[in-house]
């Protein structure tokens, strides 16, 4: 299990290192009723990771490769495809980066966050954790690794919880810090929001490049 934890750690960190959820949680923490809204977003984020990675874990456990010593071409092919997709999105993000003094356009969902209902905030957390391209790739990779490598369903659930906790660190740390130092954090959070929005495309491009290279290297071991 320790080897599998080591394989999953880069993927879980990749889920955590993303400007989008950090910007979202910072926006929520600067709004009225920040505590309730931020906790709902956090619960949605964790649920999104667990559900989507869990679905891929079920799929990974169904792959017809019972011999642990044999090559695993099907799993390798799936991971190779995911790695290629990550590299494609890395190039897309790099080309979309703002040039010079140009300010990046804020996504529409950011502009409408203040008017969202509690259920919608929960849903937004779940969606951002699961179906944006980077996290879809990472959740798929984590789930396939868990499903094909876990010795039991109990172990698989523990590994899913591990991925969710590490993958949610960029969300639950600000939420916890805000519960303790709410007023002291307002100005630093506002500055962090502005910087992350500006450099989002560059951060995502570098992160996706590293993720894609790691996935492709991992996939080649299965052939």
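The values are calculated or read from the model by the stated rules, or taken from the named source; none is laboratory data. Everything numeric in this text was worked out from a predicted model, so none of it was measured. Neighbour counts are summed over all protein chains in view; Cβ atoms, including those assigned to glycine, are modelled from backbone coordinates with ideal geometry.
Where helices (runs of 4 or more DSSP H) sit wholly within the range 82-194, those with at least 3 residues that are under 22 Å from residue 59 (Cβ atoms) occupy 118-130, 133-149, 153-167.
In the set (1) crowded, with 21+ Cβ neighbours inside 10 Å; (2) modelled with pLDDT of 80 or more, the condition left unmet by residue 200 is number (2).
Checking 66, 73, 10 one by one, the residue that is under 22 Å from residue 159 (Cβ atoms), surrounded by fewer than 20 Cβ atoms within 10 Å (Cβ to Cβ) and modelled with pLDDT under 80 is 66 and no other.
The conditions of being closer than 26 Å to residue 93 by Cβ and either in contact with a strand residue (DSSP E or B) (Cβ under 8 Å, 6 or more places away or on another chain) or at pLDDT 90 or above (or both) are met by residue 138. The residue of the range 76-108 that is surrounded by the most Cβ atoms within 10 Å (Cβ to Cβ), among those that are over 20 Å from residue 218 (Cα atoms) and modelled with pLDDT of 80 or more, is 93. In the set (1) closer than 18 Å to residue 28 by Cβ; (2) free of Cβ contacts under 8 Å to residues at least 40 places away in the same chain, the condition left unmet by residue 95 is number (1). For the range 116-139, the count of residues that are surrounded by 14 or more Cβ atoms within 10 Å (Cβ to Cβ), without any contact (Cβ under 8 Å) to a residue 40 or more places away in the chain and under 30 Å from residue 87 (Cα atoms) is zero. Checking 142, 161, 119, 150 one by one, the residue that is more than 30 Å from residue 76 (Cα to Cα) and under 22 Å from the mean Cα position of the chain (by Cα) is 119 and no other. Applying the condition of being touching a residue at least 60 places away in the same chain (Cβ under 8 Å) and not in a helix (DSSP H, G or I) to the range 22-63 and asking which residue is surrounded by the fewest Cβ atoms within 10 Å (Cβ to Cβ) yields 62.
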